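J.: Can you read through this structure? Questions will come right after.
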Amino acid sequence: MKQIHIIYGSVLAALLVIVPTTIVLAQMQVLSDLSIASVNVSENPITRGGDQEVFVAVVDNNSADDVPADGIDVMLTVSYASGMERKYTQTTDQNGNADFVFPIDASSKRGTFNIVAEIPGLNISKAQSFEVIPTTSEEDSEEGTTSEEDSEEG
């Protein structure tokens, strides 16, 4: 009786290991037919001190109509013009959309910010970029500084 119990326990343990692995493999096969349909920014260019919003749409390519894929984790990597990087994660809604909002600090370096949206664990990504520019008051003060320097030299 004791030997049967040990064998039964070993078989049960083996089944518990095999079944989840099979489920994960089947799930990965379904997820591999996903794609990132679009990555769009709300403002380009955007002034320093504002919030940038990024819209990512994920679709399931298994159907002829590219049905929105809900419940998919999307990671957004933002590379600032200064070289700093930030990562954000959202899950797609019932419309296949993941929306990200992040600040562009008033002291952020002007220039090109690159963003990459990806589905973690799969080789699926899409890139986009946007420009960060000074506010109107910063432009005015920079122009004022230049003209003051010019007048001192002249």
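J.: Any residue that is within 16 Å of residue 129 (Cβ to Cβ) and at pLDDT 95 or above - is there at least one of those in region 59-74?
T.: Let us first name the residues in region 59-74 that are within 16 Å of residue 129 (Cβ to Cβ), namely none.
No, that holds for no residue.
J.: Tell me, yes or no, whether region 102-113 has at least one residue that is out of contact with any strand residue (DSSP E or B) (no Cβ under 8 Å at 6 or more places or on another chain) and acidic (Asp, Glu).
T.: Keep residues of region 102-113 that are out of contact with any strand residue (DSSP E or B) (no Cβ under 8 Å at 6 or more places or on another chain), which gives 105-107.
Among the residues that remain, those that are also acidic (Asp, Glu) are: 105.
Checking region 102-113: at least one residue is out of contact with any strand residue (DSSP E or B) (no Cβ under 8 Å at 6 or more places or on another chain) and acidic (Asp, Glu).
J.: Out of region 78-98, which residues are of a type in the set (Asp, Glu) and open to solvent by 70 Å² or more (accessible area, probe 1.4 Å)? It would help to see each step written out before you state the result.
T.: Just the residues of region 78-98 that are of a type in the set (Asp, Glu), to begin with: 85, 93.
Within region 78-98, 85 is the sole residue that qualifies.
J.: Consider residue 53 carefully, then state whether it is part of a loop (DSSP other than H, G, I, E, B) and either modelled with pLDDT of 95 or more or open to solvent by less than 40 Å² (accessible area, probe 1.4 Å) (or both). Steps first, answer last, please.
T.: On the way: part of a loop (DSSP other than H, G, I, E, B): no; either modelled with pLDDT of 95 or more or open to solvent by less than 40 Å² (accessible area, probe 1.4 Å) (or both): yes.
When the stated conditions are applied, residue 53 does not pass them.
J.: Something else: Could you check region 101-138 and list, in sequence order, the residues that are more than 15 Å from the chain's Cα centre (by Cα) and open to solvent by less than 50 Å² (accessible area, probe 1.4 Å)? Before the answer, list the steps.
T.: Going through region 101-138, the residues more than 15 Å from the chain's Cα centre (by Cα) turn out to be 104-112, 131-138.
Correct list: 104, 108, 111, 132, 134, 135, 138.
J.: Enumerate the pairs (first residue in region 75-102 and more than 30 Å from residue 65 (Cβ to Cβ); second residue anywhere and among the hydroxyl-bearing types (Ser, Thr, Tyr) and open to solvent by 50 Å² or more (accessible area, probe 1.4 Å)) with beta-carbon separation below 8 Å, excluding pairs fewer than 6 apart on the same chain, so at least 6 apart or on different chains.
T.: Correct list of pairs: 78/88; 81/112; 102/88.
J.: Let me ask something additional. I'd like to check something: does region 63-74 contain any residue that is out of contact with any Pro (no Cβ under 9 Å at 6 or more places or on another chain) and within 13 Å of residue 118 (Cα to Cα)?
T.: As a first pass, look at region 63-74 and keep what is out of contact with any Pro (no Cβ under 9 Å at 6 or more places or on another chain): 63-72.
Next cut, within 13 Å of residue 118 (Cα to Cα) only: 72.
Within region 63-74, one or more residues are out of contact with any Pro (no Cβ under 9 Å at 6 or more places or on another chain) and within 13 Å of residue 118 (Cα to Cα).
The values are calculated or read from the model by the stated rules, or taken from the named source; none is laboratory data. All values reported here derive from a predicted model rather than from experimental measurement. Positions of Cβ are generated from backbone atoms using ideal geometry, with glycine treated the same way; all protein chains shown enter the neighbour counts. Surface accessibility is based on the protein's heavy atoms, side chains included, excluding ligands, DNA and RNA. Shrake-Rupley method; radii C 1.70, N 1.55, O 1.52, S 1.80 Å.
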